[in-house]
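**Q** My questions all concern the structure below.
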Amino acid sequence: MHGFAPSQRLSLGRKILQINWGLVLLITATAAVGIAMLYSAANGSWNPWATRQIARYGVGLVILITIALVDIRFWYRYAYLIYGILLVMLIAVEVVGSVGMGAQRWINLGVIKLQPSELMKVGIALALARYFHGVSAEDVRRIPYLLAPILMIGAPSALVLKQPDLGTALFLIMTGGAVFFVAGVRLWKFGLVFAAAGAAVPIAWSMLRPYQQKRIFTFLDPETDPLGAGYHILQSKIALGSGGLFGKGFMQGSQSHLNFLPEKQTDFIFTMLAEEFGMVGGLVLLGLYMLIMVYGFAISLRSRTHFGRLLAMGITSMLFLYVFINIAMVMGLIPVVGVPLPLISYGGTAMLTLMIGMGFLICTYIHRDVTISRHGGGDG
Amino acid sequence: MYKDSSRFKSFSRRVAFLGGGKVLLLSLLAGRMYQLQVIESDKYKTLADENRINLRLLPPPRGTIVDRYGRALAVNQENYRVTLVAEQVNDINTMLDTLSGIISLEDYERHRILREVRRRRGFVPVTVRENLDWRDVSRIEVNAPDLPGLSIEVGQSRQYPFAEDFAHVLGYVSAVSEKEVTGDPLLELPGFKVGKNGVERVFDLNLRGKAGNTQVEVNAVGRVIRELSRQEGQPGVDLRLTIDRDLQKLAADRLKEEKSASAVILDIHNGDVLALSSVPGFDPNEFVTGLSSKTWRRLINDPYAPLTNKAISGLYAPGSTFKMVVALAALEARIVAPDHRVFCRGHTQLGNARFHCWKRHGHGWQDMYDAHQNSCDVYFYDIAKRIGIDRIAAMATRFGLGTKTGIELPSEKGGVIPTRAWKKALIGTAWQQGETLISGIGQGFILTTPLQLAVMTARIANGGKAVLPRLIRAAEVDGKEEEPVFKDLGISKRSLDVVREGMNRVTNVQQGTAYRARISEEGMEMSGKTGTAQVRRISKAERDTRVLKNHERPWRERDHALFVGYAPSDNPRYAVSVIVEHAGGGSKVAAPIARDLLLATQKRDPANRTLAPAAAKAPAKSEEI
């Protein structure tokens, strides 16, 4: 609390030197894989996806560096404000959101269509990191101190669920849950939540839309309806499995290119990669993600502020959830929930969310030695 | 400071947990990849190929059918048809409504389409309409956006250029029915037709050929991307019939002058069927495209039975055409000699029953030649009584009556040649001698087909060889070209000469019953026998007053007119049999038709067309005498 801070204020030049260029390289490499796959998805054409994805990556990189260079204490100070703005945007989606893909998820800002529920993943990490930063190790064990953060997760999740987007709602809850976990919330409380969730399943089931119920049925037994609802999963498994160990070669994925594989440029892009580059290609991509996550863990543990540690873990967990949910989904391990593959799938908001998250991760790294007192207002 | 470090300790422990959990879950993903891409990879590779590779059958062209001189009787014609893939259509009824606005769809076509859609798998195309003309094709193409799932295909359809004249011989092809689906994938092709009758049915497998196939790569919506491999099928075998197209047409045209009739022309040596006609016929082309129920009802309710091939399935009492068999039975049994004489006073008495001759006041003294020439019934009552039914039946069987000839056509009938045992077994009562008498003039239980009568005549004419009719030479089917050798029936030349002389007198002696239907061209003279088959019983009361003339009775009660014959008389080559239903006497109606047919047949014989070839052939022919 009264700790000495050797480098509380850094010059812009030093900050730029401090940027974790290894991590940026990994991110760029992953995005490059994505662009190559989009090039293949368009049957060897830069249009319509690859060029736009490059542009998005460029914009994302600028945002990433901008966020990384801003003082972490600024982000600490305005964490709740940012969260609040995102919450208002989520409510706005309810009011003015236009209908897209059968669910209201977009705000049309004219230039881009913004999906606040995606950005909220970062928003929750920020707000929870700020909250638990100010709660002592003892207080974290007390239930009254948990009510506010539960509400922080609950409010946006409820809004997203109402859109209705079950996948993203669960995603938000799990991202928050990860922060809760590393913040030191007692394990039995997680157990309690799981038990409660289990009890709520029948109630939740009745609230699901028919298409959501169908997705779950389909997940449980995709082969029963190979031309109907189970088509996506089955075709994805066929494409993946037929890729074998080394794949069919770049742009040679017959299932993807003959359009048997649905949504090959978005949610099922991993399947196309695994068809064309085989298990080896899939593992290489998984390795890239793991390296980014290792950076995330290292940055988290290296940070001297609790806010930074929690934020880094929140962002890393978000990345993990993206990767795991998407890949598990296309391999038929979990139901189809519509989560994109980070940095690879075609789509603006997801790319933006990831780059913003990575920006916060690098920001934490640059400002790893900055300290912030329990009660806010940096020590320096 | 203490507090933060303890908090950091708890934090890093939790981070370690979380990290471990994440590694575990990512390993799960890697494991799943291994399972799908290595362990089960082969299964998914197969499924992927099934996805993308579509095996399509190439229907073989059906073999054509030609006459004995290679002239086309059944051919394939290119046609345009519109097909429908059910799974690409949301609501078939709505789509058919739209379509009927473009080409008029009859109700029966709709029913057939809906029935086929139900029966087949959703991706199998179903034929909506065949033989589209250019106007319909372009109308459908223009409206294609409103008609999803419909497409125009080029196919082949069967055509019978001579329509009804060959209907009974050729039969027809038509859509595969449910019970004919054997698992041969060819049968599931849209618009594939199988032989349903006649030669088309009997030789269906030969004509059908073997399907080829092509492997094509398709995308998710079934569009063909490229062809991967192609294996050509084997076209169906072309069949050459023994029929002479011109004779068949002539026979049909000649028979069409009557209401209901049939005729057969045979080569007496090798059994070649030169013409086999049954009138009225039907248009087999209508069956190919699918009959309307109205046409079908008209065909099956027609009293003249156009769908029946009367030449092979019509059963008639042979009447007087049977008398040669009775005479031969008597001669061969050596019970009567050719000079055996009987006095005909117009009837004969057996117990209380009186058996009438067709000539009310009798023929006077008759020997066997006279009895043939005049067709004297009393004479044959006499010899039938002397030899008994079983001898008559045995001789009739030797001449091919009462059993199927085995001609290459479906639904041939065997007929009936009664014996004592037959009656006992079938009816349960003992044979009556009166029944032997009426059998002696070809009435009573005896039933024969026109084809059998032609075979009988051929066997008399060819010197007692057991010739059998054929529509196709063996070489056409199995490649073994050899003239058939028929076994000798063991009838003495002496007996056959008597009967043939009797038949010669029928047409060539002025008093003969068919003298007016004689052939006067030298060297082409016809021998024959008339027959009049009674189809009702003439009551005593009617006979006492006056037997009604044929034209005074309703059509159904009139006698059948029959004639069997062969030519040339001195060196037989062709046999003919003609039956005109309910037309009256054989000499008036049937004999002139037979004359025309035999004359035309001989004139068409290559040996008779010009003098030079005839001379060249003469030595070979003389051996047959």
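**Q** Do you know which residues of region A:166-181 lose at least 30 square angstrom of accessible area in the protein assembly compared with their chain on its own, with a 1.4 angstrom probe?
**A** Residues of region A:166-181 that lose at least 30 Å² of accessible area once the other chains are added: A:181.
**Q** Using a Förster radius of 35 Å, what is the FRET efficiency between residue B:144 and residue B:295 based on their Cβ-Cβ separation? Nearest 0.05, please.
**A** Working from the Cβ atoms, E equals 0.65.
**Q** On the accessible surface of chain A, probed at 1.4 Å, how many percent belong to carbon and sulfur atoms?
**A** 70
**Q** Can you give the three extents of the C-alpha atoms in the protein assembly as shown along their principal axes, from longest to shortest, in whole Å?
**A** Each principal axis gives a Cα extent; for the protein assembly as shown these are 158, 61, 48 Å.
**Q** Moving on. Once the Cα atoms of helix B:323-332 and of chain B are each reduced to a long axis, what angle between those two axes, in degrees from 0 to 90 to the nearest 10, is obtained?
**A** Here the helix axis deviates by roughly 70 degrees.
**Q** Measure out, as a whole number of angstrom, how far apart the alpha-carbon centroids of region A:255-320 and region A:115-129 sit.
**A** Cα centres, region A:255-320 to region A:115-129: 18 Å.
**Q** Moving to a separate point now. Would you mind getting me the FRET efficiency between residue B:548 and residue B:335? Use the beta-carbon distance for r and R0 = 30 Å, nearest 0.05.
**A** 0.20
**Q** Quick check: with the 1.4 Å probe, what order do B:358, B:134 take by accessible area, largest first?
**A** Descending order: B:134, B:358.
**Q** Accessible area of residue B:555, 1.4 Å probe, to the nearest 10 Å²?
**A** Solvent-accessible area, nearest 10 Å²: 40 Å².
**Q** Name the residue from B:585, A:288, B:172 whose Cα lies farthest towards the positive end of the charge dipole of the protein assembly as shown, charges +1 on Cβ of Lys and Arg and -1 on Cβ of Asp and Glu.
**A** After comparing all options, I get A:288.
**Q** For residue B:188, what accessible area in Å² do you get when you roll a 1.4 Å probe over the heavy atoms of the protein chains, rounding to the nearest 10?
**A** Ignoring ligands and nucleic acids, residue B:188 comes out at about 70 Å².
**Q** Run through region B:1-99 and list the chymotrypsin sites (Phe, Trp or Tyr not before Pro) located in a DSSP loop whose Cβ has at most 13 other Cβ atoms within 10 Å.
**A** B:69
**Q** Going by accessible area, probe 1.4 Å, with all protein chains left in place, what is the ranking of B:27, B:313, B:411, largest first?
**A** B:411, B:27, B:313
**Q** If you plug each phi of region A:256-272 into the Karplus form 6.51 cos²θ - 1.76 cosθ + 1.60 with θ = phi - 60°, what whole-Hz ³J(HN,Hα) values come out, in order, with x for Gly and Pro?
**A** 5, 6, 8, 6, 6, 7, x, 6, 5, 8, 10, 5, 9, 5, 5, 4, 5
**Q** Quick one: compute the contact order of chain B, relative version, from alpha carbon pairs under 8 angstrom and 6+ residues apart, as a percent.
**A** Rounded, it is 13 percent for chain B.
**Q** Find the sum over both chains of the accessible area lost when A and B are paired, probe 1.4 Å, and report it in Å² to the nearest 100.
**A** The A and B chains share an interface burying roughly 4100 Å².
**Q** Suppose all protein chains stay in the model; what accessible area per residue would a 1.4 Å probe give for chain B, in Å²?
**A** Accessible area per residue, chain B: 46 Å².
**Q** Can you list residues whose amide H is under 5 Å from residue B:448's amide H, if they're 5+ apart or on another chain and H is modeled 1.01 Å from N?
**A** Correct list: B:316, B:317, B:416.
**Q** Rounded to the nearest 0.05, what FRET efficiency do residue B:349 and residue B:257 have when you use their Cβ-Cβ distance and R0 = 41 Å?
**A** Approximately 0.50, to the nearest 0.05.
**Q** Total Lys pairs in chain A closer than 22 Å by alpha-carbon, pairs eight or more apart in sequence or interchain only?
**A** 10
**Q** Additional query: Distance in nm between label sites at residue A:188 and residue B:46, each 7 Å beyond Cα in the beta-carbon direction?
**A** Result for the modelled spin labels: 5.4 nm.
**Q** Calculate the spin-label point distance for residue B:483 paired with residue A:80, positioning each point 7 Å from the Cα along the beta-carbon direction, and give it in nanometres.
**A** That separation, rounded to one decimal, is 12.0 nm.
**Q** Still on this structure: Determine the distance separating the Cα centre of region A:19-48 from the Cα centre of region B:209-275; give it in Å without decimals.
**A** Each part's Cα centre sits 64 Å from the other's.
**Q** Hey, another quick one. Would you please give the residues with an amide H less than 5 Å from that of residue A:266, counting only those at least 5 places away or on a separate chain, with H modeled from the backbone geometry?
**A** Placed amide hydrogens put A:346 under 5 Å from residue A:266.
**Q** Please give the per residue accessible area of chain A, computed with a probe of 1.4 Å over protein heavy atoms only, in Å².
**A** Heavy-atom SASA per residue in chain A reads 40 Å².
**Q** I've got another one for you. Just to verify a number: what accessible area does residue B:544 come out at with the full protein assembly present, 1.4 Å probe, Å² rounded to tens?
**A** That residue has around 100 Å² of solvent-accessible surface.
**Q** Determine which residues of region B:242-264 fall in the zone a paramagnetic label at residue B:555 would reach in this model, i.e. backbone nitrogen under 16 Å from the point 7 Å along Cα→Cβ.
**A** Within reach of a label on residue B:555, which here means backbone N under 16 Å from a point 7 Å along Cα→Cβ, region B:242-264 contributes B:255-262.
**Q** May I ask you to derive the relative contact order of region A:6-366, considering only C-alpha pairs under 8 Å and at least 6 residues apart, and to give it as an integer percent?
**A** So the answer I get is 26 percent.
**Q** From the square roots a ≥ b ≥ c of the eigenvalues of the alpha-carbon gyration tensor of region A:6-366, which class results: rounded (a/c under 1.5), prolate (a/b over b/c), or oblate?
**A** oblate
**Q** Of the heavy-atom accessible surface of region B:55-240 (probe 1.4 angstrom), what whole percent is carbon and sulfur?
**A** Here carbon and sulfur together make up 47 percent of the probe-accessible area.
**Q** Any idea what the relative contact order of region A:232-272 is, in percent, if you count C-alpha pairs under 8 Å spaced at least 6 apart?
**A** Relative CO of region A:232-272 lands at 47 percent.
**Q** In addition: Under the rule of at least 5 residues apart or a separate chain, name every residue whose amide H is placed under 5 Å from the amide H of residue B:470.
**A** B:272, B:273
**Q** Next up: Along region A:174-180, what does the Karplus equation 6.51 cos²θ - 1.76 cosθ + 1.60 (θ = phi - 60°) give for ³J(HN,Hα), rounded to whole Hz, x for Gly and Pro?
**A** After applying 6.51 cos²θ - 1.76 cosθ + 1.60, I find 6, 4, x, x, 4, 5, 3 Hz.
**Q** Separate question: Which of A:251, A:351, A:37 ends up with the largest GNM mean-square fluctuation for chain A, with Cα atoms connected below 10 Å?
**A** In the Gaussian network model the winner is A:251.
**Q** Quick one: what are the phi-derived ³J(HN,Hα) couplings along region A:239-245, Karplus 6.51/-1.76/1.60 with θ = phi - 60°, whole Hz, x for glycine and proline?
**A** Values, residue by residue: 4, 4, x, 6, x, x, 6 Hz.
**Q** Still on this structure, please answer the following. Between residue B:521 and residue A:94, with labels modelled 7 Å along Cα→Cβ, what's the label distance in nm to one decimal, could you check?
**A** Spacing of the two 7 Å Cα→Cβ label points: 10.6 nm.
**Q** Below 21 Å, Cα to Cα, which lysines can residue B:465 reach? Residues fewer than 8 away in the same chain don't count.
**A** B:323, B:404, B:487, B:493, B:529, B:621
**Q** Here is a further query. I need the chymotrypsin sites (Phe, Trp or Tyr not before Pro) found in region B:209-312, filtered to DSSP loop residues with at most 10 other beta carbons within 10 Å of theirs.
**A** For chymotrypsin sites (Phe, Trp or Tyr not before Pro) across region B:209-312 that sit outside H, G, I, E and B with at most 10 neighbouring Cβ atoms in 10 Å, the list is empty.
The values are calculated or read from the model by the stated rules, or taken from the named source; none is laboratory data. Bear in mind the structure is a predicted one, so any value in this text is a computation, not a measurement. All Cβ positions, glycine included, derive from the backbone under ideal geometry; neighbour counts span all protein chains shown. Note: accessible area is taken over every heavy atom of the protein model, side chains too, but ligands, DNA and RNA are not part of it. Shrake-Rupley method; radii C 1.70, N 1.55, O 1.52, S 1.80 Å.
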